[in-house]
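Take a look at the structure set out below.
Computed from the coordinates by the stated procedures, all read-outs in this text should not be read as laboratory data. Every value quoted in this text rests on a predicted model; they were computed, and no experiment measured them. Every residue, glycine among them, receives a Cβ derived from its backbone with ideal geometry; neighbour counts consider all protein chains shown.
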Amino acid sequence: MAFYVYMLLCSDDSLYIGHTDDLETRFSAHRTRRYCGYTAKRLPIKLIFHEQFATRDEAFAAERRIKGWSRAKKLALARGEWDRVVQLAAVRSPDRVNTRSVSSCSTHGPSTSP
């Protein structure tokens, strides 16, 4: 079974990050207001990023990590601009070594369809 972390762009230009084991069903649930949460009041939404993981724990960890990032860094991830993600990480943590192996996110680039 696959698990995913995903990022939605909402109608108010805010970002929503979540994780799921069924990306298509979850995206549909957001679009149809099946849940009365954050995205229900911010439709329409657009899927701007998703990445697959082998375990729910890995997807959840990626969600938590991405939620802690700046908006600029999240958008760079969604656009597949890995060099910019690394640059923005260095701004926040100048002592940190920034390599692709540090993060398990964005090795496949952005995707806009479930």
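Between a first residue in the range 4-21 that is in contact (Cβ under 8 Å) with a residue 40 or more places away in the chain and part of a strand (DSSP E or B) and a second residue that is polar (S, T, N, Q) and buried (at least 16 other Cβ atoms within 10 Å of the Cβ), which pairs have beta carbons less than 7 Å apart while being 6 or more apart in sequence or on different chains?
From residues that are in contact (Cβ under 8 Å) with a residue 40 or more places away in the chain and part of a strand (DSSP E or B), the pairs are TYR4/THR20; TYR6/THR20; LEU8/THR39.
Go through (1) within 13 Å of LEU9 (Cα to Cα); (2) in contact with a His (Cβ under 9 Å, 6 or more places away or on another chain); (3) in contact (Cβ under 8 Å) with a residue 60 or more places away in the chain for ALA40 and report which single condition fails.
Failed condition: (3).
If we scan the range 44-61, do we find a residue that is over 12 Å from the mean Cα position of the chain (by Cα), part of a loop (DSSP other than H, G, I, E, B), more than 28 Å from ALA89 (Cβ to Cβ) and in contact (Cβ under 8 Å) with a residue 12 or more places away in the chain?
The answer is yes, given that some residue of the range 44-61 is over 12 Å from the mean Cα position of the chain (by Cα), part of a loop (DSSP other than H, G, I, E, B), more than 28 Å from ALA89 (Cβ to Cβ) and in contact (Cβ under 8 Å) with a residue 12 or more places away in the chain.
Of everything in the range 7-52 that's among the aromatic types (Phe, Trp, Tyr) and buried (at least 20 other Cβ atoms within 10 Å of the Cβ), which residue is farthest from GLY80 (Cα to Cα)?
For the range 7-52, the residue satisfying everything is PHE27.
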